[in-house]
Structures are given as C-alpha cells and as structure tokens.
Amino acid sequence: MIYFVQFIFGFVATVGFAILFHVPKRNIVMSSLVGAMGWVIFSYCRNDYGSTLLGSFLAACVVGILADIFSRVYKETATVYIIPGIIPLVPGAGMYYTTLYLINGDLQMAATTGTETLLMAGSISVGLLVVGSFFRVHYTIKDKFKRMIGKI
C-alpha cells in the first residue's frame, strides 16, 4: 500500500514538472508514469535495502529504459520523458542540508551530506548513461544486421 501512495505522489509531482518544462500535452501522462516508476523503485531500494545510491542507480536505469521505449513508440525524443522522470530523484534535500551545514559551520556534516549528495547525482547520471549506451549499441547492431540481411 505504501508503494501505491508513493506512485501517486511521484506521478503528481512529475505532472507538475512536465507542465513546467512544457512537455507536449499528449506526452504528459507517459512522462509522469516514467517519473512515478522511477520514484517507486528508488523508494523501494531506500526503504527495504537502506541504499539511496543503489536506489538512484536502479531508478535512473528504469527511467532511461522507459524513456527510450516510449520515445520510440510515441515518436518523440527521449528527453521529453527523461527530464521530468528524473526530477523526483534529484537530491535537492541533500543539497539544501549541505549548504545549511556549511553556513552553520558544521564542516563534518557538510562533507558527509555533500559526498552522499554528489554520489546520488553521479549514480543517476551513470544509470542514464548505461541504459543510453546499451540502447545505442543495440539499435546500431540491429540496423547493421537488417542492412546485411537486405543485401543477401
């Protein structure tokens, strides 16, 4: 039940950012679905495994996979789905608390929180990079194979 609630809140949050980023109206629901799925994966890994880094990486992978699939199905660019989809994953609270600890002079907590925040942001980017690279290689091989078969 908790993950259904997480899905709904992730969906609603992504709808807001999809509208803010001027996603075409016909793609708002699907981009929000991408964001909600990413948020549920992140929440599951954070709550059940205690790992925000693994959650960020796996959620970014799911966002990348769904964005690539939807971009091919609906003939749009993948960024229409990726940008709103990663918004729920962005570690904004970590950035805020890092700055707050720096202002208050608590350098130990600032370093700890800042490192975790940077690692989360890095895991999001690596997750998107891995999926994007995989799909690029997959479709390149597929196209070359089709051309090779066509010549026979």
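Taken over the stretch 16-32, the criterion of being under 11 Å from residue 88 (Cβ atoms) and without any contact (Cβ under 8 Å) to a residue 60 or more places away in the chain is satisfied by 16, 32.
Give the residues of the stretch 88-104 that are of a type in the set (A, V, I, L, M, F, W, C) and in a helix (DSSP H, G or I), sorted by residue number.
Of everything in the stretch 88-104, those that are of a type in the set (A, V, I, L, M, F, W, C) and in a helix (DSSP H, G or I) turn out to be 89, 93, 95, 100, 102, 103.
Residues considered: 140, 112. Of these, the only one that is loosely packed, with under 12 Cβ neighbours inside 10 Å and either in a helix (DSSP H, G or I) or modelled with pLDDT of 95 or more (or both) is 140. Return yes or no: is residue 16 surrounded by fewer than 19 Cβ atoms within 10 Å (Cβ to Cβ) and within 12 Å of residue 87 (Cβ to Cβ)? So residue 16 passes the test.
Criterion applied to 4, 70, 17 was being assigned to a helix (DSSP H, G or I), farther than 23 Å from residue 126 by Cβ and over 12 Å from the mean Cα position of the chain (by Cα), and the one residue passing it is 4.
Can you name every residue in the stretch 116-145 that is of a type in the set (Ser, Thr, Tyr) and either touching a residue at least 24 places away in the same chain (Cβ under 8 Å) or touching a His at 6+ places or on another chain (Cβ under 7 Å) (or both)? Answer for the stretch 116-145, where residues must be of a type in the set (Ser, Thr, Tyr) and either touching a residue at least 24 places away in the same chain (Cβ under 8 Å) or touching a His at 6+ places or on another chain (Cβ under 7 Å) (or both): 117, 123, 125. Is it the case that residue 102 is surrounded by fewer than 16 Cβ atoms within 10 Å (Cβ to Cβ) and over 23 Å from residue 58 (Cβ atoms)? When the stated conditions are applied, residue 102 passes them.
List the number of the failed condition for residue 45; all other conditions in (1) farther than 19 Å from residue 5 by Cα; (2) over 11 Å from the mean Cα position of the chain (by Cα) hold. Here residue 45 meets the rest and fails (1). Among the numbered conditions (1) under 24 Å from residue 2 (Cβ atoms); (2) touching a residue at least 24 places away in the same chain (Cβ under 8 Å); (3) surrounded by fewer than 21 Cβ atoms within 10 Å (Cβ to Cβ); (4) not β-branched (Val, Ile, Thr), the only one that residue 35 does not meet is (3). Checked across the stretch 90-99, the condition of being within 22 Å of residue 13 (Cα to Cα), within 15 Å of the chain's Cα centre (by Cα) and surrounded by fewer than 20 Cβ atoms within 10 Å (Cβ to Cβ) holds for at least one residue. If only residues of the stretch 74-129 that are in contact with a Phe, Trp or Tyr (Cβ under 7 Å, 6 or more places away or on another chain) and of a type in the set (S, T, N, Q) are counted, the one that is farthest from residue 20 (Cα to Cα) is 113. Put simply, of 64, 55, 85 the only residue that is in a helix (DSSP H, G or I), touching a residue at least 12 places away in the same chain (Cβ under 8 Å) and within 15 Å of residue 24 (Cα to Cα) is 85.
The values are calculated or read from the model by the stated rules, or taken from the named source; none is laboratory data. It should be emphasised that the depicted structure is a prediction, and the values quoted were computed from it without experimental measurement. Neighbour counts are summed over all protein chains in view; Cβ atoms, including those assigned to glycine, are modelled from backbone coordinates with ideal geometry.
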